[in-house]
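Everything below concerns the one structure shown next.
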Amino acid sequence: MLGSLLLAGSRVPLVRRAVSGVPLTRKVVDRFVAGEDVQQAVTAIRRLTDTGLAVTIDHLGEETRDSDAAAATADAYVVLLDALSELGLGSRAEVSVKLSAVGQALGADGDKIALENARRICEAAAAVGSTVTFDMEDHTTVDSTLSILRAVRGDFPSTGVALQSYLFRTEEDCRDLSHEGSRVRLVKGAYAEPASVAHQDKGEVDKAYVRCLRILMAGQGYPMVATHDDRLISITETLADRFGRSRGGYEYQMLYGIRTDKQQALAGAGHTMRVYIPYGDDWYGYFMRRLAERPANIAFFLRALIGGK
């Protein structure tokens, strides 16, 4: 119930101002967000990759309502990718893009604007030996996101996409996207969705995740297993054995600041372990979804507010 309230509050301006105005919020945000500028992001990237981890970097922002702001977000990704080229990490460092941040929400021309900006980001990524994964947002954007993905993959076939197991449609989307060369990040989902389109019970979401994971592992694509759940990690290993996948045939992904010990353990065992690193000053929506996902995150935030630690 509290998680649902937080997700609902993530889009209410009054709640945004209240949370953002608490002096200690920024200190807690630092656990989940790697700073507000490229240099701070690069510092976090260096620290993680030096320990054997891979990364995907998200320039925070979503639901851009202005074409200039959408272009500015694309510009920020180009600058980020230029910085990544100097690190020489290649595919160990990719970027994650919310299409609503690059124009998808701009009315009738939104898809066209988002496609143009996404292409520019993909070109910059390809130039430095990296690639791009499109984040998935709420259910109203899925068809648009997959349409833009298809268009971009014509020139940049390694472009990935996130799919959310709590949506009823996702098993079929996994079948459509399990072909050779297709990179798919499987997540549970972190938006407040109606019962008409998404599972509401956590147990049902987990079961749907396993069904989707089985489809991806049995397919010819490259599954990116985004979970912090030990049980789902164990199931992933079982499915990898069943379908003859080597450790280079899939990867794990986890969020920056969450289960860092498990991240290191998976990397140490020879898995590709990719950390999702968000940075930027538009951190509010991302932060609220992280609180809503896990009670431990809410407890962490409340302890900091009460104790000042």
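The values are calculated or read from the model by the stated rules, or taken from the named source; none is laboratory data. These numbers come from a predicted model, not from an experiment. Cβ: placed from backbone, ideal geometry, glycine included. Neighbour counts: every protein chain shown. All accessible areas refer to the heavy atoms of the entire protein, side chains included, with ligands and DNA or RNA removed. Shrake-Rupley method; radii C 1.70, N 1.55, O 1.52, S 1.80 Å.
Estimated at 0.36 nm per residue, the fully extended path between Ala269 and Glu237 surpasses their Cα-Cα distance by 10.3 nm. Computed from label points 7 Å out along Cα-Cβ, the spacing between Arg247 and Thr260 is 2.3 nm.
Quick check: from the Cα gyration tensor, does region 154-285 come out rounded (a/c under 1.5), prolate or oblate? Intermediate values should be presented prior to the final figure.
Details: a/c = 1.26, a/b = 1.05, b/c = 1.20.
Cα axes put region 154-285 in the rounded bin.
With the simple model of a label 7 Å out from the Cα in the direction of the Cβ, Thr51 to Phe168 spans 4.2 nm.
Residue ranking by accessible heavy-atom surface, 1.4 Å probe, largest first, among Glu63, Glu116 comes out as Glu116, Glu63. The packing ranking, built from the mean of other Cβ atoms within 10 Å per residue, places the peptides 176-182, 103-109 in the order 103-109, 176-182, highest first. Students often get this wrong: which residues of region 131-151 have the backbone nitrogen under 20 Å from the point 7 angstrom along Cα-to-C-beta of Glu180? Inside the label zone: 150.
Solvent-accessible area per residue for region 115-161 at a 1.4 Å probe radius, Å²? Mind dumping the intermediate values first?
Numbers: 1730 Å² over 47 residues.
Averaged over the residues of region 115-161, the accessible area is 37 Å².
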